[in-house]
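Colleague: Shown below is the structure under consideration.
The values are calculated or read from the model by the stated rules, or taken from the named source; none is laboratory data. Fair warning: this is a prediction, and the values are worked out from it, not measured in the lab. Glycine also receives a Cβ, built like all others from the backbone with ideal geometry; neighbour counts cover every protein chain displayed. Heads up: the accessible areas ignore ligands, DNA and RNA and are worked out on the full protein's heavy atoms, side chains in. Shrake-Rupley method; radii C 1.70, N 1.55, O 1.52, S 1.80 Å.
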Amino acid sequence: MTSGTRRTGLEKTMKTILLVSALASLLIVLLIFIFTMKEAMPAFRELGVWKMLSGTTWRPGNGEFGILAMIAGSGLVTLGAVLIGVPLALGTAIFLSEIAPGWIVKIVRPSIELLAGIPSVVYGLFGMVVLVPLVREIPAPGNAGFGLLAASIVLAVMVLPTIANISEFAIRSVPRGYREGSLALGATKWETISRVLIPAARPGIISAVVLGLGRALGETIAMIMVIGNSVVLPAALTGNPLSIFLSRARTLTGNIAVEISYATGVHESALFATGVVLFILIMLVNSSAGFLLRRGARR
Amino acid sequence: MENETTRMSTEGYSLFYGRFKALNSIDIKIPSNRITAFIGPSGCGKSTFLRSFNRMNDLIPGVTTTGTVRLDGRDVAKEDVVKLRKKVGMVFQRPNPFPKSIFDNVAYGPRLHGLRNRSDLAVLVEKSLRQAAIWEEVKDDLQKSGMSLSGGQQQRLCIARAIAVEPEVILMDEPASALDPVATLKIEELMNELKMNYTIAIVTHNMQQAGRVSDYTAFMLTDQNRAGNLIEFGATKQIFTTPVDSRTEDYISGRFG
């Protein structure tokens, strides 16, 4: 065999191997979706998709399987985490990429990476021991400390490393010419950051936030430990609408994890249905990121 | 040179990267409303020197200087850097429009300096684009991204962006080195028109370009310690025909560099 044909052969083999690896993840996603869907079908068929999605009571004993409260719980805790975590993460990213001298970066960045390595159950413990008692100090009727606020803070810290790291990289990757161009026009450092660097890094920052959102929606054990787990539609405890975050709640993930060990029959199927809803929510988040990115590119 | 008004000048100006001396005691007077070209081989410090006039070297950690740089007789080191850079604009080697619309690129500087009124901005943007000889090519769609233009157009957009803040001096750091000959010619023609209103200092690798566009030429060269020195400065015609220093003659005639 000449080396020419051997090389073409290798070329073809490699191409096939790479194609298979790329298809593998697609296949796995499809398989997970199909099997979860298959297990969820009895619940959807028996109870009705809309009735499950809009139902606010979850009483497996009574055959009531409304998951709206859990959708709201997951949604609100993620919203809370975004409200707290994104500004914090962006601030960190901007500081590390543009402002901090090298030696501070060398201390801060590893500690953020360390944050990413802490197991979520440890975050849960921290939340229970530190945050929950703190939140309990807020005067409001029915405030037990366990609830959306404590959970949002825990979640914000958990998504911080992801969002901060990727955003920092995005800001650092902005070409030096933009920075110099802006400064040479008499812009201050902050004007350059806010008017040129952040807009230019926007696609990367959006990806960072979406990855963080995905992680937040999927977080389970830490949420179970601090969110209170009551199946109630979160509602404001006082006249202040923000006090909704003092309400107890349950996340979609928590619902599955807490009950799957003993659930049977329709109950079990309803938990799979919860998983399907979670799956679709995460897909929606990802595709909305795609939409935002395209809109950014057009401008 | 005796009859010229000085716009910018340096006296005994040296610049150090850490302990390394990159510029050695440079004295120069850059005349107003003229084009002054800085030529010399790579690494002779001409770009570094150009960046001293708007203090872009401040951004580099470890840079220290001695001597003075003056704009209209005032020491730029004592001036507010934001105000200085408004008066001393800069065009870079690689065209660097922001990833914004053509309009927003040109309006960027004026907005920074407080111009908010939309119709005033529109007038200023048009005026700047006209002065930069790019208006006719872009007037139909000012909302198009500045990045979508060709390299030569991007560079003229950057010149428009610099003009829009109404500077006194425009520094150009090899503004045509990334452009093709046709785009280069356009930039050179443009410079000739701009010198009516602005003082221009240009760094160029291209000696023909210096000969074509500049009124005055400064020749720089590194000494045995690799520090940049100003060897000779004078009217371009004189530098190119009857240089005083033999090193200038060697460089001009292509014996090295």
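Colleague: Which part of region B:32-58 falls in the paramagnetic zone of residue B:225, meaning amide N under 17 Å from the point 7 Å along Cα-to-beta-carbon?
Modeller: Hits in region B:32-58 for residue B:225 at 17 Å: B:44-45.
Colleague: Which one of A:21, A:270, A:187 has its Cα pushed farthest toward the positive end of the charge dipole of chain A, where Lys and Arg give +1 and Asp and Glu give -1 at the Cβ?
Modeller: Checking the options against the dipole of chain A, the answer is A:187.
Colleague: Residue B:220's amide H: which non-local residues (gap 5+, or another chain) put their own amide H closer than 5 Å, with H modeled 1.01 Å from N in plane and none for Pro or chain starts?
Modeller: B:39, B:40, B:231
Colleague: Order B:196, B:191 by their accessible area, 1.4 angstrom probe, all chains in place, largest first.
Modeller: B:196, B:191
Colleague: Past 18 Å, Cα to Cα: identify those pairs from B:100/B:144; B:87/B:195; B:100/B:195; B:87/B:186, in the order given.
Modeller: Among B:100/B:144; B:87/B:195; B:100/B:195; B:87/B:186, the Cα-Cα distance tops 18 Å for B:100/B:195; B:87/B:186.
Colleague: A further question follows. At a 1.4 Å probe, what is the % contribution of carbon and sulfur to the accessible area of region B:6-252?
Modeller: 48 percent
Colleague: Order of A:142-154, A:165-177 by packing, highest average Cβ count within 10 Å first?
Modeller: Numbers: A:142-154: 24.0, A:165-177: 18.4.
For the peptides A:142-154, A:165-177, the packing ranking is A:142-154, A:165-177.
Colleague: How about residue B:86: which aspartates and glutamates have a C-alpha closer than 12 Å to its C-alpha, ignoring those fewer than 8 places off in the same chain?
Modeller: Those aspartates and glutamates meeting the cut-off are B:166, B:168.
Colleague: Okay, next question. For the protein assembly as shown, what is the charge dipole size about the Cα centre, in debye to the nearest 20, if Lys and Arg each add +1 at the Cβ and Asp and Glu each add -1 at the Cβ?
Modeller: Here the protein assembly as shown has a charge dipole of around 580 debye.
Colleague: Assuming 0.36 nm per residue, please report the length gained on full extension of the stretch residue A:190 to residue A:39 beyond their Cα-Cα distance. If you can, show how the numbers build up before the last one.
Modeller: Working: separation 151, 0.36 × 151 = 54.36 nm, distance 5.34 nm.
Contour length minus Cα-Cα distance gives 49.0 nm.
Colleague: Below 17 Å, Cα to Cα, which aspartates and glutamates can residue B:139 reach? Residues fewer than 8 away in the same chain don't count.
Modeller: Within the straight-line limit of under 17 Å, residue B:139 reaches these aspartates and glutamates: B:104, B:120, B:126.
Colleague: Can you give the helix-only mean residue ellipticity at 222 nm for chain B, where every DSSP H stretch with n ≥ 4 adds -39500 (n - 2.57) and the sum goes over all residues, rounded to the nearest 500 deg cm²/dmol?
Modeller: -9500 deg cm²/dmol
Colleague: When all protein chains stay in place, what accessible area (Å², nearest 10, 1.4 Å probe) is found for residue A:202?
Modeller: Only protein atoms counted, so the area is about 70 Å².
Colleague: Just checking the output field for A:171-181: average partner chain Cβ neighbours within 10 Å of each residue's Cβ?
Modeller: Mean partner shielding for this stretch: 4.
Colleague: Can you put B:113, B:205, A:267 in order of accessible area, largest first, using a 1.4 Å probe?
Modeller: Highest to lowest solvent-accessible surface, that is B:205, B:113, A:267.
Colleague: Distance in nm between label sites at residue B:137 and residue A:13, each 7 Å beyond Cα in the beta-carbon direction?
Modeller: For the pair residue B:137/residue A:13, the computed spacing is 5.2 nm.
Colleague: ³J(HN,Hα) across region A:36-49 via Karplus (A = 6.51, B = -1.76, C = 1.60, θ = phi - 60°), whole Hz, x for Gly/Pro?
Modeller: Per-residue couplings from phi come out as 5, 4, 4, 6, 7, 3, x, 5, 4, 5, 6, 9, x, 4 Hz.
Colleague: Please give every one of the lysines within straight-line cross-link reach of residue A:51, meaning a C-alpha to C-alpha distance under 28 Å, and leave out same-chain neighbours fewer than 8 residues apart.
Modeller: Cα-Cα hits under 28 Å: A:38.
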